[in-house]
Amino acid sequence: MIHKDRVDILAVGAHPDDVEIGMGGTIAKYRAQGKNIRLVHLTEAELSSNGTVESRQKEAKLACETLGVPKPVQLQFPDRQLLSCRQEAIEELVKLIRRFKPKLLFAPYHEDRHPDHGHCGELVKEAFFSAGIKKYLEGETEEAFRPSALYFYQINGLSAPDFLIDITEFRDTKYAALHCFKSQFFPRTGTVQTPLNSGFLENLQARERLLGEEAGISAAEGFFSEKPVLIRELLGD
């Protein structure tokens, strides 16, 4: 029997826009192939210097529509205090993993200027493991389930990734989604200057071009894996 909520990819971020920054092109690419994808935001980013919770929610919904995925699952853990509710967050993530039964799980890479991104990745890693333990929350959630793999996407920084996804044909879709977050990336009267509205998108595009150049393509997103990535076919047909 096919589980009605089952997805191919479940991507978790600390804030609305994290997933879109790190792997928006990859999401657009696999949606074009008909894959089912859901996004999860742990916080509402209520401490962000610009915008409001309400405006950010509207932006996040529009970004998901642009990428062709359902509206994000919005949790309400406190911004900048993820570790203070560590166990509660892990349990909520376990419930979501068991509900959606994703083939692949994604989270932010730990090397990042923003501590919340690394904390989010740590919580997802814990949930990834615990979701597969039969007696963990037994009777409180659906049956134990562990995705095939956990990968980490890059938000800030220039760390050398373990593997790349070619997003050449999906850059426009990714940046259309990111442009939905007007409160974050575009300075307006009354806004505070932040790394996000000080050339961030231009730098992000440069990173993707640089990664792509290393692989002989126009643009790529980089990912990290704590386990070796198996290549099933080294030579194609």
Which of His41, Gln81, Pro102, positive extreme of dipole for segment 1-107 (C-beta unit charges): Pro102
Along the Cα-to-C-beta direction of Lys35, a point sits 7 Å from the Cα; which residues of segment 119-153 have their amide N less than 14 Å from that point? 148-153
Report the label-to-label distance for Val73 and Lys227 in nanometres (one decimal), using points 7 Å from each Cα along the Cα→Cβ vector. 2.1 nm
Which of rounded, prolate or oblate describes segment 1-114 when judged by the alpha-carbon gyration tensor and an a/c cut-off of 1.5? oblate
Within the chain, longest stretch free of exposed GluC sites (Glu not before Pro) [DSSP loop, at most 11 other beta carbons within 10 Å]: 1-137
What residues qualify as long-range amide H neighbours of Val40, i.e. H under 5 Å apart, gap of 5 or more or another chain, H built at 1.01 Å from N? Ala11, Val12, Gly13, Val73
Taking 7 Å along the Cα-to-C-beta vector as the label spot, tell me the Ser49-Asp172 distance in nanometres, rounded to one decimal. 3.3 nm
Estimated FRET transfer efficiency (Leu235, Ala215; beta-carbon r; R0 22 Å; 0.05): 0.85
Describe numerically, in nm with one decimal, the distance between label points set 7 Å from Cα along Cα→Cβ at His179 and at Glu202. 1.7 nm
In whole percent, and with a 1.4 Å probe on the protein chains, what portion of the accessible area of the chain is carbon and sulfur? 51 percent
Below 8 Å, C-alpha to C-alpha, sequence gap of six or more: please give me the relative contact order for the chain in percent. 24 percent
Under unit Cβ charges (Lys, Arg +1; Asp, Glu -1), what dipole magnitude, rounded to 20 debye, does the chain have relative to its Cα centre? 540 debye
Can you compute the FRET efficiency between Glu140 and Lys61 using 1/(1 + (r/R0)^6), with r the Cβ-Cβ distance and R0 = 30 Å? Round to the nearest 0.05. 0.55
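The values are calculated or read from the model by the stated rules, or taken from the named source; none is laboratory data. Since the structure is predicted, the reported quantities are computational estimates derived from the model, not experimental observations. Virtual Cβ from ideal backbone geometry, glycine too; neighbours counted across all protein chains shown. The protein model used for the area step is the full one, side chains on, heavy atoms only, and it has no ligands, DNA or RNA in it. Shrake-Rupley method; radii C 1.70, N 1.55, O 1.52, S 1.80 Å.
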